[in-house]
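All remarks here apply to the structure that follows.
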Amino acid sequence: MTRRLGWAADPLAGWGTGALETVVLAGAGLTLWRGTTCLFEALSFSLPVGSALLIEGPNGAGKTTLLRVIAGLTRPESGSVTWQGSDFRQQLQSGRLRLAFSGHSPGLKPELTTRENLRFFAQLAGQPARVSEVLDATGLGASAGLDVRLLSAGQKRRAALARVLLSAADLWLLDEPQTNLDTAGRRFLEQALGEHLANGGTAVVAAHQSLDFGSGPVTRLALGS
Amino acid sequence: MALNVATGTSSRDAAAEPALGLLALFWVILARDLRVGLRRWTDASNSALFFILVVTLFPLALSPRAEQLRMIAPGVLWIAALLATLLSLQLLFRSDLEDGTLEQLLTLPYPLGWMLLAKTLAHWIITGMPVVLMAPILAITYQLPATALSVLTLSLLLGTPTLSLLGSIGAALTAGLRGAGVLLVFIVAPLMLPVLILGARATDLALAGEDPTGPLYLLGALLVLAVSLAPVVAAGAIRVSAD
């Protein structure tokens, strides 16, 4: 499997021979300014099926922003993100791409219980039957009936991870997923990521700490250097 | 911790087919927002309490003569309903933006406008419907005759959803701004004026013993227009707010 990461001016630099059918996620010539600072300029990357992109960099380097650009939440000044060769947002809206996004905010309603929150997302992904199983797997079985506002920060992070697991997504976009997690939680996250990649999924993870993806191939992208 | 959670990527072959039909999607979002709204009932009851307060203050401040009360009733009730709607609008998308729910909705393979329509309907059921239900009871204190009461209720039933839908555009535009309450009012209030005029006019006509169907039909037409257009505009605005 060919893996390449280019900052090159040629946006197709990563499309080596034979990689054409395996590359699923690609960004070409992404440029974004925030105020007077340039977060990234002419940034390109390409990611084959079953691999992960690890976005590294110090605080404020633009890891979250890049993740939001990939998710289509923030528009870059120039450049484009594609999924399987077509525009990312179009693929998302046509249902050909299933995306799990986990940002800074957990995306859970504080007034609803953990189970109610997760059931909502499981229904949207068409697998409501898996809620209990995933709750147990993420170690939230005992607190499933608690309102999310009563959960600890680590438990909220686990619940957000449970939502990702329930999404049946091809692509995971995770922003600092290890934050607030204990050792067991971190191990679980790494296992889940490894399993996702082994199943032919793709992941983009923004992290300032190291993360073990198991045997899955990882591309590293350093921002702010 | 045992990990045996197949991450579900095996379902990729069926990925072109969304998991939920549009009606099921509408229902799932409506049910969730209603549940959140009921858990947060202190917020939800604000606009209903405000409506009661405004409507009951007028007879105290003005003369309690029956004919004068009857004359001002349509205007007072409609203005109170409009202000109650404006009061509730800030809550429409604010918490969704803060807790990350909007990011989740934006990254789903479902039409955003449709989801916002479900959210706006839930918002109207929680904040607007109590106003519609209370209006005829409060209107009795204004000595309104039965025919005018039913026209008033019908006009509110047709008009307040339109107000919520128009308000959803302003709420979507200002969701990301801090302290945008007044700005929101200035954006949406002018759009709401036709609804206010038609609603009060219909009740007025019924009170005078004339045929109120003209303004009622127009209110219905505005509602249809708002249902079909407002969610699309709000969806565009919410993308900007979430950026």
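If you go through the range A:85-99 and pick out every residue that is within 11 Å of chain B (Cβ to nearest Cβ) and assigned to a loop (DSSP other than H, G, I, E, B), you end up with 5.
The sole residue among B:Ile52, B:Ile29 that is β-branched (Val, Ile, Thr), within 14 Å of another protein chain (Cβ to nearest Cβ), at negative phi and touching a residue at least 24 places away in the same chain (Cβ under 8 Å) is B:Ile29.
On the given criteria, is B:Leu105 touching a residue at least 12 places away in the same chain (Cβ under 8 Å) and within 14 Å of chain A (Cβ to nearest Cβ)? Here the answer is no, as B:Leu105 does not meet what is asked. Among the residues examined, B:Thr162 qualifies as in contact with a helix residue (DSSP H, G or I) (Cβ under 7 Å, 6 or more places away or on another chain) and buried (at least 20 other Cβ atoms within 10 Å of the Cβ). Selection within the range A:192-219: residues that are free of Cβ contacts under 8 Å to residues at least 60 places away in the same chain and surrounded by 19 or more Cβ atoms within 10 Å (Cβ to Cβ). The member of this set that is farthest from the chain's Cα centre (by Cα) is A:Glu195. Screening B:Ala80 on (1) within 20 Å of B:Leu149 (Cα to Cα); (2) outside any helix (DSSP H, G or I); (3) of a type in the set (Gly, Ala, Ser) shows it passes everything except condition (2).
In the condition set (1) part of a helix (DSSP H, G or I); (2) at pLDDT below 90; (3) away from chain A (no Cβ under 14 Å), B:Ser63 is compliant with all but (1). Against the test of being of a type outside the set (D, E, K, R), over 19 Å from A:Leu53 (Cβ atoms) and touching a strand residue (DSSP E or B) at 6+ places or on another chain (Cβ under 8 Å), the options A:Ala169, A:Ala203, A:Ala207, A:Ala160 yield a single qualifying residue, A:Ala160.
Just need a number here: residues in the range A:100-118 that are assigned to a strand (DSSP E or B) and more than 7 Å from chain B (Cβ to nearest Cβ).
Of the residues in that region, 3 qualify.
Scanning the range A:136-159 for residues being within 21 Å of the chain's Cα centre (by Cα) and of a type in the set (Ser, Thr, Tyr) gives a total of 1.
The values are calculated or read from the model by the stated rules, or taken from the named source; none is laboratory data. Here the structure is a predicted model, which means the values were calculated and not measured. With ideal geometry, Cβ positions are generated from the backbone for all residues, glycine too; neighbour counts draw on all protein chains shown.
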